[in-house]
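First the structure, then my questions, so here it is.
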Amino acid sequence: MTQPEDLFSLTGKTALVTGGTSGIGAMIAKGLLRQGVRTYITGRDRERTEQAARKLQAKSGGECIGLAADFAHADGPAALARKVADREGALHILVNNAGTSCDGALSELSVDAWDEVMAVNLRAPVFLIRALLPLMKAAASNEDPARIINLGSIGGLHVPGWEAHPYGASKAAIHHVTRSLAKSLGGDRITVNAIAPGPFPSKMHDADSEATRKAIASFIPLDRAGQAEDAQGAVIFLASRAGAYVNGHILPLEGGYIGAL
Ligand SMILES: NC(=O)c1ccc[n+]([C@@H]2O[C@H](COP(=O)([O-])OP(=O)(O)OC[C@H]3O[C@@H](n4cnc5c(N)ncnc54)[C@H](OP(=O)(O)O)[C@@H]3O)[C@@H](O)[C@H]2O)c1
């Protein structure tokens with residue numbers, strides 16, 4: 001039995017955070033490293049990703065390994081899973097964080113842009129989960145299930161004030177797949193949950209822009225953008241003994257935005 005003081009401990013576990021080279025993924029990777037988790041991050045360019053891993057390791061301690069993966073390609077998830085399997089016999093935590101966005105009017109939307117957003121935000125997480133199942137099953141037990149955490153978005157929970165059709169559709173779909181996979185994988189002692197962030201500073205999202213500042217001031221009850229500790233706290237909860245009985249849920253991480261709509 002885990003004592004209350006150890007409920008959030010992750011020491012000794014292994015995690016893969018896709019898209020850990022910047023933004024929310026880097027925040028999550030840092031949080032896991034500080035918890036004593038051996039953490040793999042991914043990005044499209046091998047050198048830049050290895051450099052990002054070295055930087056995270058220097059700042060946070062622990063062991064951070066950078067692997068290249070491009071999820072716009074259909075074989076990207078399986079290729080990444082093979083690289084992880086070459087190094088690990090078990091994977092306790094998978095954070096499907098890598099993502100891309102596409103804003104703009106329907107009249108401007110190209111088929112290629114639609115396909116890329118769906119490939120990176122929806123197809124890749126699903127096929128990465130499938131390819132990593134043997135490693136996750138090897139890490140899973142009744143007392144301590146393996147954990148999958150998908151990055152959704154408030155953009156998949158409501159229709160924002162700007163046009164972002166493929167992005168919103170991909171995020172609503174990943175929320176749904178989170179619930180359906182939670183049902184399918186429960187028997188393997190693997191939980192599947194999603195985090196749906198509001199605005200966080202990142203390459204994709206300029207949380208300091210005038211438009212975001214206005215939106216934050218008018219819509220977010222807590223009156224601020226998300227911070228590293230907010231993303232880290234949600235992942236540490238869902239990945240630890242504290243969150244072991246949470247399965248198939250979408251956790252809005254948005255300072256009250258969705259609740260206040
Ligand atoms: N920031 C927000 O306000 C916000 C709000 C709601 C949801 N989210 C979600 O949070 C997640 C992280 O986003 P972020 O805002 O932190 O964005 P970010 O700073 O742009 O990071 C995106 C990450 O995804 C990787 N990536 C992009 N395209 C890829 C591809 N084709 N193949 C493989 N990896 C790819 C990038 O790696 P490289 O560039 O190194 O290749 C990078 O590590 C996304 O799923 C996003 O939808 C963000």
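The values are calculated or read from the model by the stated rules, or taken from the named source; none is laboratory data. Nothing here was measured: the structure is a model prediction, and the numbers come from that model. As a convention, Cβ positions derive from the backbone with ideal geometry for all residues, glycine included, and neighbour counts pool all protein chains shown. Just so you know, the surface numbers come from the protein's heavy atoms only, side chains and all, with ligands and any DNA or RNA stripped out. Shrake-Rupley method; radii C 1.70, N 1.55, O 1.52, S 1.80 Å.
At a Förster distance of 35 Å, what's the computed FRET efficiency of residue 51 paired with residue 137, Cβ-Cβ distance as r, to 0.05? Walk me through the numbers before you get to the answer.
On the way: r = 33 Å, r/R0 = 0.93.
Taking R0 as 35 Å, the efficiency between residue 51 and residue 137 is 0.60.
While we're looking at this one, here's another question. For the range 10-109, what relative contact order do you get, as a whole percent, if you take Cα pairs closer than 8 Å and at least 6 residues apart?
Details: 172 pairs, mean separation 31.0, N = 100.
So the answer I get is 31 percent.
Measuring from a point 7 Å past the Cα of residue 227 along Cα-to-C-beta, which residues in the range 183-201 have an amide N at less than 13 Å?
Residues 201 fall inside that zone.
So, one more: Measure out, as a whole number of angstrom, how far apart the alpha-carbon centroids of the range 1-67 and the range 131-203 sit.
Each part's Cα centre sits 18 Å from the other's.
Exactly which GluC sites (Glu not before Pro) in the range 100-192 are in a DSSP loop and have at most 11 other Cβ atoms within 10 Å? Can you show the working numbers first?
Numbers: sites: 108, 116, 143, 163; in loops: 143, 163.
Of the GluC sites (Glu not before Pro), the ones in loops of the range 100-192 whose Cβ has at most 11 other Cβ atoms within 10 Å are 143.
Percent relative contact order of the range 94-204, based on C-alpha pairs within less than 8 angstrom and at least six residues apart? Don't skip to the answer; put the middle values down first.
Working: 154 pairs, mean separation 38.8, N = 111.
Relative contact order, the range 94-204: 35 percent.
Given R₀ = 35 Å, FRET efficiency for residue 130-residue 3 by Cβ-Cβ distance, to 0.05?
Values: r = 36 Å, r/R0 = 1.02.
The pair residue 130/residue 3 has a calculated efficiency of 0.45.
Still on this structure, I have one more. Would you pull out the residues with amide H under 5 Å of residue 104's amide H, same chain only if 5 or more places away, H placed 1.01 Å from N?
For residue 104, whose amide H was placed from the backbone, the distant partners under 5 Å are 163, 164, 165.
Roughly speaking, to the nearest percent, how much of the chain's 1.4 Å accessible area is carbon and sulfur? Mind dumping the intermediate values first?
On the way: 6590 of 12560 Å².
Using a 1.4 Å probe with all protein chains present, the chain comes out at 52 percent carbon and sulfur.
For the pairs 55/214; 59/137; 59/214; 30/171, flag any whose C-alpha to C-alpha distance is greater than 29 Å.
Values: 55/214 33 Å; 59/137 31 Å; 59/214 33 Å; 30/171 24 Å.
Check vs 29 Å cut-off fails for 55/214; 59/137; 59/214.
State to the nearest 20 debye the size of the charge dipole of the chain about its Cα centre, where the only charges are +1 on K and R beta carbons and -1 on D and E beta carbons.
660
With r as the distance between the Cβ atoms of residue 111 and residue 59 and R0 = 35 Å, compute the FRET efficiency 1/(1 + (r/R0)^6) and round to 0.05. Before the final figure, lay out the partial values.
Values: r = 41 Å, r/R0 = 1.17.
Between residue 59 and residue 111 the formula returns 0.30.
Let me ask another. What percent does the relative contact order of the chain come to when contacts are Cα pairs within less than 8 Å and at least six residues apart? Show your work: numbers first, answer last.
Values: 532 pairs, mean separation 51.5, N = 261.
Value for the chain: 20 percent.
With helices defined as uninterrupted DSSP H runs, which ones in the chain have an alpha carbon span along their own long axis of at least 20 Å and mean Kyte-Doolittle hydropathy of at least -1.0?
Span-like helices here: 124-139, 165-185.
Keeping all protein chains in position, work out how much accessible area residue 205 exposes to a 1.4 Å probe, and write it in Å² to the nearest 10.
Answer for residue 205: close to 60 Å² accessible.
What number comes out for the charge environment of residue 31, summing +1 per Lys or Arg and -1 per Asp or Glu over other residues with Cβ under 13 Å away? Provide the component values of the computation, followed by the final result.
Details: positive: 13, 30, 34, 59; negative: 229, 230.
Summing Lys/Arg as +1 and Asp/Glu as -1 gives +2.
Per residue, how much accessible area does the chain show when a 1.4 Å probe rolls over the protein heavy atoms, in square angstrom? Numbers along the way, then the final one.
Values: 12560 Å² over 261 residues.
Per-residue accessible area for the chain comes out at 48 Å².
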